[in-house]
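The values are calculated or read from the model by the stated rules, or taken from the named source; none is laboratory data. In this text the structure is predicted, and so the values were computed from the model without any measurement. Cβ placement follows ideal geometry from the backbone for every residue including glycine, while neighbour counts extend to all protein chains displayed. Heads up: the accessible areas ignore ligands, DNA and RNA and are worked out on the full protein's heavy atoms, side chains in. Shrake-Rupley method; radii C 1.70, N 1.55, O 1.52, S 1.80 Å.
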Amino acid sequence: MKMETTQVAIIGAGPSGAIAAALLNQKGIDVLVLEKATFPRFSIGESLLPACMESIRAAGMLDAVNQAGFQFKNGAAFSHRGRYVNFDFTDKFSIGIGTTFQVQRGQFDKVLADDAERQGVTIRYQHEIESVELDGDKPRLIVKNQNGDAYTLAADFILDASGFGRVLPRLLELETPSCLPPRQAIFTHIVDNIEDSQYDRDKILISVHPEHHDVWYWLIPFSNGTCSFGIVGEPAFFERYPDNHIEAIRQLAAEEPRLAVLLANAEYPNPSGQIGGYSANVSTLATNKFALLGNAGEFLDPVFSSGVTIAMKSAELATEVLARQLAGEDVDWAADYEQPLLKGIDTFRCYVEGWYTGTLQDVIFYPRPDTKVKQMICSILAGYAWDQDNPYVKEPVRRLNALASICAP
């Protein structure tokens, strides 16, 4: 079998893979990206957070993203039983970029991958990982190309940026149960035909089902007059709705009063999609031979659009540690990568759990919020979940519970 070598092999050319490749390339490190699919390809995770723009800027891709024509986004809006609240991400506690975009991921991921190639990164599309061998001095990947021919790629290190494909967790049996209960999402892209002049296309709209506080809707507008529209709930909730998910989505839209008005003239020309059991965890995020980035390591829940931000943050953290290791320094992947990454993930986890128990909803819909506290919560919603200067990041459980006790109806 043909043998090739590289310093760093990256599995997957999505956001974390493209960002990691660009950052390593900036440091003069030889990188080879292996991507199973061809781009563009469909993916969910379409509403970005401002914090991820910091990673995009660090990777030298900000101009490419700004010029791609995506829908501008400056915040998030929440709706439930006639109550409507919005968060302006430019009015937040944390220092950093306050605006971002809502994107069709096929195009967005291709913009990042193309820019990584422009910077000098090599990406091989339609190259699939068959197996991995960690014995010996260097890890090895057995790869099958688009013609079905197999070859071996030896690398000093492997970064798994395969997202929901979770290549190394599957091959190395690293997957462990998530602490979050299983949930399901059904979704489609619609031609929204929204005529309401009060509707703010610059914000994602998150609506809560009027009778089930743990069921929620996303409405993500794009720049071409279409929206991504989806509903999330536990699997049992959807059993009462038609098996045809487009009909189920229509019926659920009619059940939420604000959405019923906004989407009265919506068209549903596209097929539906669904994902279930998406929350995931692993026994380890990194060793001295590999590291898991983004969804390959852990995915929480789509409610706060944290997936892409966590993916990009993991790429930044991992490449810093990896560059030190390749330079001959002694590194501790648990202390230098896993623990710092988990600080932000655990912050998001606290607020995801609070959303489904209802405590965070009480906070969000509280009619008399303290301005400073709202700015701190806004920072987390904007993705700044690693800002230890924010008390609601430093002590998320205690602070959220104390705040919820004040805001409870």
If you check every pair at least six apart or on different chains, which have Cβ atoms under 7 Å apart with a residue in region 82-109 that is under 19 Å from N224 (Cβ atoms) first and a residue that is open to solvent by 40 Å² or more (accessible area, probe 1.4 Å) and assigned to a strand (DSSP E or B) second?
-> F101/F72
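Would you confirm, using the coordinates I've provided, whether Y199 is of a type in the set (F, W, Y) and assigned to a loop (DSSP other than H, G, I, E, B)? Steps first, answer last, please.
On the way: of a type in the set (F, W, Y): yes; assigned to a loop (DSSP other than H, G, I, E, B): yes.
Considered against the rule, which asks whether it is of a type in the set (F, W, Y) and assigned to a loop (DSSP other than H, G, I, E, B), Y199 comes out as yes.
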Check H189, H213 and return the single one that is in a strand (DSSP E or B) and open to solvent by 20 Å² or more (accessible area, probe 1.4 Å).
-> H189
Restricted to region 136-156 and to residues being over 11 Å from K2 (Cβ atoms) and of a type in the set (D, E), the residue farthest from the chain's Cα centre (by Cα) is D137
If you check T188, T152, T226, which single one turns out to be among the polar types (S, T, N, Q) and under 30 Å from L322 (Cβ atoms)?
-> T152
Expected single match for buried (at least 16 other Cβ atoms within 10 Å of the Cβ) and either touching a His at 6+ places or on another chain (Cβ under 7 Å) or not aliphatic (A, V, I, L, M) (or both) among V167, V143, V132, V121 is V143
Restricted to region 286-304, and to residues that are open to solvent by 10 Å² or more (accessible area, probe 1.4 Å) and in a loop (DSSP other than H, G, I, E, B), which residue is nearest to F78 (Cα to Cα)?
-> E298
Failed item in (1) closer than 23 Å to S306 by Cβ; (2) open to solvent by less than 70 Å² (accessible area, probe 1.4 Å), with Q274 passing the rest = (2)
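Rundown of residues vs (1) under 30 Å from F290 (Cα atoms); (2) of a type in the set (S, T, N, Q); (3) under 24 Å from the mean Cα position of the chain (by Cα), yes/no style:
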site: L172; (1), (2), (3): yes, no, yes
site: I194; (1), (2), (3): no, no, no
site: S197; (1), (2), (3): no, yes, no
site: I206; (1), (2), (3): no, no, yes
site: E211; (1), (2), (3): no, no, no
site: F222; (1), (2), (3): no, no, yes
site: S228; (1), (2), (3): no, yes, yes
site: P242; (1), (2), (3): no, no, no
site: L252; (1), (2), (3): no, no, no
Considering only residues that are of a type in the set (S, T, Y) and over 22 Å from G354 (Cβ atoms), look in region 216-249 and name the one that is most open to solvent (accessible area, probe 1.4 Å).
-> S223
Using the structure shown, decide if G69 is of a type in the set (G, A, S), surrounded by fewer than 22 Cβ atoms within 10 Å (Cβ to Cβ) and assigned to a helix (DSSP H, G or I).
-> no
Inspect region 41-52 for any residue being in a loop (DSSP other than H, G, I, E, B), hydrophobic (A, V, I, L, M, F, W, C) and without any contact (Cβ under 8 Å) to a residue 60 or more places away in the chain and give the result as yes or no.
-> no
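Table: residues versus (1) touching a helix residue (DSSP H, G or I) at 6+ places or on another chain (Cβ under 9 Å); (2) among the small types (G, A, S).
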residue: T5; (1), (2): no, no
residue: V8; (1), (2): yes, no
residue: I11; (1), (2): yes, no
residue: E54; (1), (2): yes, no
residue: A59; (1), (2): yes, yes
Restricting the search to region 173-186, which residues are assigned to a strand (DSSP E or B) and either aromatic (F, W, Y) or in contact with a helix residue (DSSP H, G or I) (Cβ under 8 Å, 6 or more places away or on another chain) (or both)?
-> E175, Q184, A185, I186
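Here is a yes/no grid of residues against (1) touching a Pro at 6+ places or on another chain (Cβ under 6 Å); (2) modelled with pLDDT of 95 or more; (3) of a type in the set (F, W, Y):
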site	(1), (2), (3)
G45	no, no, no
L49	no, yes, no
A58	no, yes, no
N86	no, yes, no
F101	no, yes, yes
D114	no, yes, no
G136	no, no, no
Region 77-111: number of residues that are closer than 24 Å to V191 by Cα and of a type in the set (D, E, K, R) | 3
If you go through region 273-309 one residue at a time, how many are under 20 Å from the mean Cα position of the chain (by Cα) and either farther than 24 Å from E353 by Cα or of a type in the set (D, E) (or both)?
-> 5
Scanning region 368-387 for residues that are touching a residue at least 40 places away in the same chain (Cβ under 8 Å) and not hydrophobic (A, V, I, L, M, F, W, C), the one farthest from L341 (Cα to Cα) turns out to be K372
Qualifying residues in region 278-332 (those that are without any contact (Cβ under 8 Å) to a residue 40 or more places away in the chain and hydrophobic (A, V, I, L, M, F, W, C)) - the one nearest to V208 (Cα to Cα) = I310
Where G328 falls short, out of the listed (1) small (G, A, S); (2) in a loop (DSSP other than H, G, I, E, B); (3) within 18 Å of the chain's Cα centre (by Cα) = (3)
